[in-house]
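J.: Below you'll find the structure I mean.
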Amino acid sequence: MYRGRLSAPDDFEGWREVARAFALAGVDPADIMWTAGPDESDLFATDLPPPPPSGSGGFSVPRPFLNLAESAILHRDPERFALLYALLLRVRERPGRLEDKADPLLRRVEMLASAVRRDIHKMRAFVRFRELEDETGPRYVAWFEPDHHIVRVNASFFMRRFASMHWSILTPELSIHWDGETLTEGPGASAQDAPADDPVEQIWKSYYASIFNPARLKIGAMLSEMPRKYWRNLPEAALIPELVAGAQAREAAMIAAPAKPPARPSNATATWAALREEAMGCTRCPLYRDTTQTVFGEGPIDAPLLFIGEQPGDQEDLAGRPFVGPAGQLFDRALEEAGIDRRQTYVTNAVKHFKHERRGKRRIHQTPETPEIQACRWWLTQELDLLQPRIIVALGATAARSLLGKTVTIGRTRGTPIALESGAQGWVTVHPSFLLRMPDEARKAKERQRFVSELKEIGERMRNLA
Ligand code: URA
């Protein structure tokens, strides 16, 4: 029996080193007792020897295994180190094992990783700072109870997002503090250590009330996105019972009233910037792993016309901006011919990470699938709620699916405006890359002309609405 000793419950590098030594020495998973952190209470484990010397040599495992292990190790399940070690031995023997979705061990580890990713996202979405004043000036303190060991991995997200603020995030096991330059760690804390109420709350409350749409009220979905456990930390959650209770009456009034967009929140620009920043750290689906960055939408916050594409391509992924590659250039020319100034429109994508497959040095586009479109709808919905454009144009089938929540045939849907629940006018047309890919030049020219005519009509409607 050996001891696999890690410095902390989230010590991935430590696990990697120790697991490698055990694997090289051919140690069976059942012969290791794993311990993590300074807690030496397990006297039996303390007496056990470390990994035996393995001599020289090494081995490698596929990158996706490391990505999976890096997430799964943060799970609270005490068996995670042993499960990962068992999976490591199998993958080392046969790398293709990672494709075997029916393998119970792989499925269990994937479930751990997915629970961790969800918890990471919850922390990013539900941490709410309260303002305090100390001798150095304002300081923002938040209380959060994660399910897993995710606080350290999430620290860089909060450092980027709140770079110039002095803040502390208190959790039961660990506290992290940022003074604008350095991140420090402290011991765990309790909810009473964080202030309960402050003026910042009013901003959250008015933002939440302004984006609450009674027609979209789905309690089940709401609970799954914002479980009750987090409600007590969120100032805006105090509004939920009231908003839910009044939802039916408000929905009836909304149907009866002529469609008109609700007022855009007064802090829309700041909210958009915060939303974009949050999307930069998005891990809602696995696509983020093999991309350069999230490509968020761009354009004026009060743009009356919004275009939705499918997903960034190779060039967009590198530039961090939507529609700048070949499809974007075709789109720009078509807009110009239709008399629409792209700078006055907002351009975004249904999926905000580049889905692709590597072939040698090339990255080949792959169409996003339902789970990815669904996961990314979280961001699109917030962009639409915030910008409240008068006209929304879906370019291609993926965008249409995301906008309308169902699969539609472009041929049957294009050319006629659709009344959207938000009061905006929806349009569906082809994606510019459909035109790019057409081999027959004559057909291509005809289709391109049709695309430009549709854009012209949309431009005219926009001017009329204005
Ligand atoms: N295709 C899209 O759908 N979006 C982009 O941003 C680029 C190409």
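J.: Would you confirm, using the coordinates I've provided, whether V452 is open to solvent by less than 10 Å² (accessible area, probe 1.4 Å), touching a helix residue (DSSP H, G or I) at 6+ places or on another chain (Cβ under 8 Å) and away from the ligand (no atom under 12 Å from the Cβ)?
T.: It is true that V452 is open to solvent by less than 10 Å² (accessible area, probe 1.4 Å), touching a helix residue (DSSP H, G or I) at 6+ places or on another chain (Cβ under 8 Å) and away from the ligand (no atom under 12 Å from the Cβ).
J.: Name the residues in segment 369-380 that are open to solvent by 40 Å² or more (accessible area, probe 1.4 Å) and either under 18 Å from L305 (Cβ atoms) or touching a residue at least 40 places away in the same chain (Cβ under 8 Å) (or both), would you?
T.: Passing the criteria: P371, W378.
J.: OK, next. Looking at segment 369-426, which of its residues are among the β-branched types (V, I, T) and away from the ligand (no atom under 16 Å from the Cβ)?
T.: Quick first cut of segment 369-426, residues among the β-branched types (V, I, T) only: 370, 373, 381, 391-393, 398, 407-410, 413, 416, 418.
Those that are among the β-branched types (V, I, T) and away from the ligand (no atom under 16 Å from the Cβ): T370, T381, I391, T407, V408, T409, T413, T416, I418.
J.: Could I ask something else about it? Limited to segment 259-283, what total is found for residues that are β-branched (V, I, T) and either open to solvent by 50 Å² or more (accessible area, probe 1.4 Å) or more than 19 Å from the chain's Cα centre (by Cα) (or both)?
T.: 1
J.: Based on what the data block shows, is F331 modelled with pLDDT of 95 or more, within 10 Å of the ligand (Cβ to nearest atom) and aromatic (F, W, Y)?
T.: Judged against the criteria, F331 is a match.
J.: Answer with yes or no whether P286 is more than 16 Å from the ligand (Cβ to nearest atom), open to solvent by 10 Å² or more (accessible area, probe 1.4 Å) and modelled with pLDDT of 95 or more. Even if it seems obvious, please write down each step before you answer.
T.: Values: more than 16 Å from the ligand (Cβ to nearest atom): yes; open to solvent by 10 Å² or more (accessible area, probe 1.4 Å): yes; modelled with pLDDT of 95 or more: no.
When the stated conditions are applied, P286 does not pass them.
J.: If you don't mind, another one. Are any residues in segment 338-361 within 13 Å of the ligand (Cβ to nearest atom) and either open to solvent by 10 Å² or more (accessible area, probe 1.4 Å) or in a loop (DSSP other than H, G, I, E, B) (or both), and if so, which ones?
T.: Those that are within 13 Å of the ligand (Cβ to nearest atom) and either open to solvent by 10 Å² or more (accessible area, probe 1.4 Å) or in a loop (DSSP other than H, G, I, E, B) (or both): R342, A350, V351, K352, H353, F354, K355, H356.
J.: Identify, by number, the condition in (1) of a type in the set (K, R); (2) surrounded by 15 or more Cβ atoms within 10 Å (Cβ to Cβ); (3) under 30 Å from the mean Cα position of the chain (by Cα) that K406 doesn't meet.
T.: (2)
J.: While we're looking at this one, here's another question. When you scan segment 1-100 for helices (runs of 4 or more DSSP H) that lie fully inside it, which ones turn up with 2 or more residues that are at pLDDT below 85?
T.: Answer list for segment 1-100: 43-46.
The values are calculated or read from the model by the stated rules, or taken from the named source; none is laboratory data. Worth saying up front: this structure is predicted, and the values here are computed from it rather than measured. So basically every Cβ, Gly included, is an ideal-geometry build from the backbone, and we count neighbours across all protein chains shown. For accessibility, only protein heavy atoms count, side chains too; no ligands or nucleic acids. Shrake-Rupley method; radii C 1.70, N 1.55, O 1.52, S 1.80 Å.
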